[in-house]
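What follows is a short report on a single structure.
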Amino acid sequence: MNNTAPKLTNEQYEKNFADIHPAFTQNQAVTEANRCLYCFDSPCMKACPTHIDISTFIKKIATGNVKGSAKTILASNWIALTCAKACPVDVLCEGACVYNDRGEEPIKIGRLQRYAIDWYFEHGMPALFTPAPKNGKSVGVIGAGPSGLACAAELALLGYDVTIYEGKDVAGGLDTWGIAPYKMTYKDSLNEVKLVQSFGVTIKTGMWIGKNLTIAELEKKHDAIFIGVGLGKSPSLKIPGEDLKGVVDALDFIASVTPRKWSTVDVGHRVAVIGAGNTAIDAATEAKRLGAEQVTIVYRRGENDMSAYDFEYELAKNDGILFHFHTAPQRIIGNGTVEALECVKMRLRNPVAKGKQSLEPVPKSEFQIPVDMIIKAIGQDANENFLEQIGGMEFVDGNVAVNTETMRTANPKYFAGGDCINGGKEVVNAAADGKKAAHGIDTFIFNKR
Ligand SMILES: Cc1cc2nc3c(=O)[nH]c(=O)nc-3n(C[C@H](O)[C@H](O)[C@H](O)COP(=O)(O)OP(=O)(O)OC[C@H]3O[C@@H](n4cnc5c(N)ncnc54)[C@H](O)[C@@H]3O)c2cc1C
């Protein structure tokens, strides 16, 4: 990079990346728990993809039974700490809370869940669940992200021998490498990995299936296989200059921030982020909090078309991120290293037509944004190269097709869940899929249906 932002002190970094939803004290938790109306039909529970019995865990906090509360939560969701800290609760459980209908603040379900699960990890993960006796069957799980971990935990408790194969050196998937460090820490994710290991699950890291172990070798070892490989890299921008130094993939940039080794992370003085989804917002706010003076999001459509959640957009605006809407990148300019992003204004090709319209460049509207770093955040491609190595699979829009009751793929030995089947949703969806797939596998292996 031509111009990196000056380094901050460790204290400044820690302040900038401090928890955006700090932990409740005991008094705060009990007071908030006592606000819960314990609705007979629990709309919050229905809104949660893992269907945690929310009113019961909250009731247990209100009566001082925090261990019991943690047990209620974990019985439904093995990735409960990440979900407590990083779930988009506004559009899930808290969004469904009946207090919203009265124009009052919903119950802070995420923070209460965090209170119980923080307690559980701070108290050394007391044993709450006993694995069933070994049933002599073995399952291989590809990927140690939330879907793979959830599937493995559930299977281990059902009595299976479970091995997770993870290509990276550290397990946890995007919970470890992707989620913004002001929402949750790297250590939180590793605690969840330890919980899954405590049920007897073996995790082999540095093991890329298809590279370090072939599909045929994997199939020989196991009675069934769960695919939890998530998605792949960001697609190419397909514009000149993309190979210049200073152009980075959002996921690589974010992964360099999550371990909180501040001295090792460089950020440009002026940064442009291309894209307007949640990953783009995370990359932009992280760049700003690392000390970039100016961070601009460039998006070819309008504000209302952004796929980022409203609260993520608000966070970015509060961090001082600039937005160029109806703007498409055309060319990256630089001599070996990025110096500017040339953009063009965009407009609807047919402004009166309904639905998502195609766009066209506005003639003679080109302009340049001087930058030292460009972060590409235009989504992730499917892990096609890998998935195609497994025979007999079917795909819908590039995602692995599954039976949504059992999570079984068209190849009967394989089950799948998480981002590789939904194209990229939330951790809670991956956690729910993994657990459901474990029961699908159990039914398949013991021919229960
Ligand atoms: C930048 C970013 C921020 C996000 N922030 C949030 C958030 O705040 N809240 C939220 O709820 N969701 C968030 N998400 C979404 C969430 O992280 C994902 O939905 C979730 O992690 C998907 O879980 P998964 O198990 O399907 O895949 P992943 O978490 O991607 O895990 C897949 C794992 O499989 C491994 N793998 C892949 N191929 C192989 C192979 N061939 N052999 C062995 N291992 C392999 C990978 O290394 C990886 O560890 C975010 C996503 C991104 C990209």
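Just so you know, all these numbers are worked out from the coordinates, no wet-lab data involved. The model shown is predicted, which means the values in this text are computed figures rather than measured ones. Positions of Cβ are generated from backbone atoms using ideal geometry, with glycine treated the same way; all protein chains shown enter the neighbour counts.
Cα gyration tensor of segment 21-122, axes a ≥ b ≥ c as square roots of the eigenvalues: rounded (a/c below 1.5), prolate (a/b > b/c) or oblate? In terms of gyration-tensor shape, rounded.
Computed on the chain, with alpha-carbon pairs under 8 angstrom and 6+ residues apart, the relative contact order is 18 percent.
Between L290, F367, F323, the Cα set farthest toward the positive side of the dipole of segment 247-376 (charges on each charged residue's Cβ, about the Cα centre) is that of F367. Residue pairs exceeding 25 angstrom between C-alpha atoms, taken from K7/K183; K59/K425; K46/K108; K108/K425; K356/K425; K137/K425: K59/K425; K137/K425.
In the chain, the longest principal axis of the Cα atoms and the axis of helix 26-35 are about 80 degrees apart. This ranking places F17, F444 by how few other beta-carbon atoms lie within 10 Å of each, fewest first, which gives F444, F17.
Considering only L112, G159, T279, and ranking their Cα positions along the charge dipole of the chain that arises from unit charges at the beta-carbon of Lys, Arg, Asp and Glu, the one farthest toward the positive end is G159. What does the C-alpha gyration tensor say about the overall shape of segment 247-376? Classify as rounded when a/c is under 1.5, otherwise prolate if a/b is larger than b/c, or oblate. The shape class here is oblate.
Going from the fewest other Cβ atoms within 10 Å to the most, the residues I254, I117 appear in the order I254, I117.
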